[in-house]
Amino acid sequence: MQLRIEPRAAASLRMRYASPLIATGLTLLMGFVLFAALGKNPLAAFHAFFIAPVSSLNGVAELLLKAAPLVLIATGLAVGFRANVWNIGAEGQLTIGAIVAGGMALLPAAGDGPAWLLPLMIAAGALGGMAWAAVPAFLRTRFNANEILVSLMLTYVAQLLLSYLVHGPWRDPQGFNFPQSPLLPDAALLPILLNGTRLNAGVLFAVVAVVAAWVFLGKSFRGYQMRVAGLSGEAAHYAGFSARQTIWIGMLAGGAAAGLAGVGEVAGPLGQLLPTVSPGYGFAAIIVAFVGRLHPPGILLAGLLMSLLYLGGDAAQISMGLPAATTALFQGALLFFLLGADLFIGYRVRLVPGAKEIPQ
């Protein structure tokens with residue numbers, strides 16, 4: 001007998017959009033088993049992981065604060081993913097956006113912060129992320145290099161550059177030798193939206209990105225070209241759509257979004273440059289994009305779910321002594337179950353008689 005995987009004649013669109021719900025349910029079931037295996041009360045663990053973090057106004061504000069960069073980056077990546085342009089280096093583009101924006105605020109000319117400083121930082125961060133994403137775009141269109149590998153490797157270059165700056169020329173002379181930059185002036189910080197919390201205007205970046213991506217992908221001719229390129233590259237070529245433009249748009253959209261997310265971190269909750277400006281938002285956003293089915297409204301909901309996993313992991317680690325890797329485990333399980341659900345929805349798995357061997 002042989003195991004054969006065959007594509008289904010027509011996968012229900014409703015079932016495809018139910019796939020994230022199935023994956024979420026299976027992830028929660030896995031968590032129930034995991035908590036029991038660790039000797040914890042599963043109900044108490046679920047309360048600490050999913051309910052307690054958002055049981056107060058400050059908790060809801062933190063949920064939105066962490067969801068903002070995830071939604072922002074995932075929305076930008078989805079533009080490229082729709083066209084099979086695989087930008088995997090958003091973490092590095094976020095880091096470069098933070099470096100460029102933070103560097104603007106640390107310039108001697110910035111002083112205590114003129115009124116134009118924050119808009120300049122926002123523009124510079126977006127351009128920095130785009131410039132970092134332009135490298136794999138150029139190598140893909142000029143030399144047919146694999147954008148997955150190039151964008152991923154550039155992430156480590158960006159992180160090493162940040163480490164060099166905060167350990168060297170940008171180290172705070174009054175920071176007791178810690179690897180960190182001086183605190184940014186108040187004029188370089190995003191305004192707080194809700195008094196008594198850390199929720200800042202960076203959330204608006206994510207909202208604008210969701211609306212802009214929804215209009216671009218669903219209402220514009222260029223967005224239609226991106227969708228056609230993702231469904232069938234040969235059909236796009238036959239229709240005369242430019243593959244080079246598709247690659248450049250996909251990469252630059254992801255780079256701009258990641259760069260803005262970097263601005264949101266350095267000008268938001270951090271307020272300075274540190275050796276790590278992101279807890280892995282650039283990689284987690286890839287999961288958010290696919291859980292959201294590469295649709296902006298779905299990405300918004302998926303970003304809130306992923307943000308809750310971050311908050312719940314921290315809260316459960318403190319209150320119940322759960323391992324710090326629990327958050328990453330939930331993220332990986334969510335992606336694994338999503339891929340599995342997509343497989344069984346789009347394909348039929350069956351056993352067929354194997355071919356008989358001809359005797360020698």
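The values are calculated or read from the model by the stated rules, or taken from the named source; none is laboratory data. Fair warning: this is a prediction, and the values are worked out from it, not measured in the lab. Counting neighbours? That spans all protein chains shown, and the Cβs are built from the backbone with ideal geometry, glycine included. The area values use the complete protein model at the heavy-atom level, side chains included, leaving out ligands, DNA and RNA. Shrake-Rupley method; radii C 1.70, N 1.55, O 1.52, S 1.80 Å.
Some values worked out for this structure:
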read-out: Under-5 Å amide H pairs with Asn200, H placed in peptide plane, nonlocal only; value: Leu193
read-out: For peptides 68-79, 122-133, sequence by mean Cβ density within 10 Å, most packed first; value: 68-79, 122-133
read-out: Cα-based helix-to-principal-axis angle, 296-320 vs the chain, degrees rounded to 10; value: 70
read-out: Isotropic mean projected area of the C-alpha convex hull, segment 132-208 (nm²); value: 8.3
read-out: Charged-residue dipole, Cβ positions (Lys, Arg, Asp, Glu), segment 260-357 about Cα centre, Debye nearest 20; value: 420
read-out: Relative contact order of segment 80-177, defined on C-alpha pairs under 8 angstrom at six or more residues apart (%); value: 37
read-out: Relative contact order computed over segment 288-344 (Cα-Cα under 8 Å; 6+ residues apart), in percent; value: 24
read-out: In order through segment 331-343: 3J(HN,Hα) via Karplus (6.51 cos²θ - 1.76 cosθ + 1.60), integer Hz, x for Gly, Pro; value: 5, x, 5, 4, 5, 4, 5, 5, 5, x, 5, 4, 4
read-out: Charge tally in the Cβ shell below 12 Å around Arg244, where Lys, Arg are +1 and Asp, Glu are -1, Arg244 excluded; value: +2
read-out: Percent accessible area from carbon and sulfur atoms, segment 275-360, protein chains only, probe 1.4 Å; value: 70
read-out: Å² per residue, accessible surface of the chain at 1.4 Å; value: 49
read-out: For Tyr347, distant residues with modelled amide H under 5 Å away; value: Arg8
read-out: Residue-count net charge about Leu305 - beta-carbon cut-off 15 Å; Lys, Arg +1, Asp, Glu -1; value: +1
read-out: Estimated FRET transfer efficiency when R0 is 51 angstrom, pair Ala18-Gln174 (beta carbons, to 0.05); value: 0.40
read-out: Accessible area of segment 197-265 belonging to carbon and sulfur atoms, whole % at 1.4 Å probe; value: 68
read-out: Nearest 10 degrees, 0 to 90: helix 90-106 Cα axis against the chain principal axis; value: 10
read-out: Under 12 Å, Cβ to Cβ, from Gly218 - net charge with Lys/Arg +1 and Asp/Glu -1; value: +4
read-out: ³J(HN,Hα) computed for each position of segment 194-205 - Karplus, 6.51 cos²θ - 1.76 cosθ + 1.60, integer Hz, glycine/proline x; value: 10, 4, x, 10, 9, 5, 10, 5, x, 4, 5, 4
read-out: FRET efficiency for Phe143 and Ser242, using Cβ-Cβ distance with R0 set to 22 Å, rounded to 0.05; value: 0.80
read-out: Cα convex hull volume per residue for the chain (Å³); value: 211
read-out: In degrees, nearest ten, helix 281-291 long axis to first principal axis of the chain (Cα); value: 40
read-out: Computed label-point distance, nm, for sites Ala115 and Ile318 using a 7 Å Cα→Cβ extension; value: 4.0
read-out: FRET efficiency for Tyr164 and Leu339, using Cβ-Cβ distance with R0 set to 30 Å, rounded to 0.05; value: 0.20
read-out: In Hz, Karplus ³J(HN,Hα) per residue of segment 138-145 (6.51, -1.76, 1.60; θ = phi - 60°; x = Gly, Pro); value: 5, 5, 5, 6, 8, 10, 6, 6
read-out: Relative contact order (%) - the chain, alpha-carbon pairs under 8 angstrom, separation at least six; value: 36
read-out: Linear extension gain, Ala212 paired with Leu351, 0.36 nm per residue minus alpha-carbon span; value: 45.4 nm
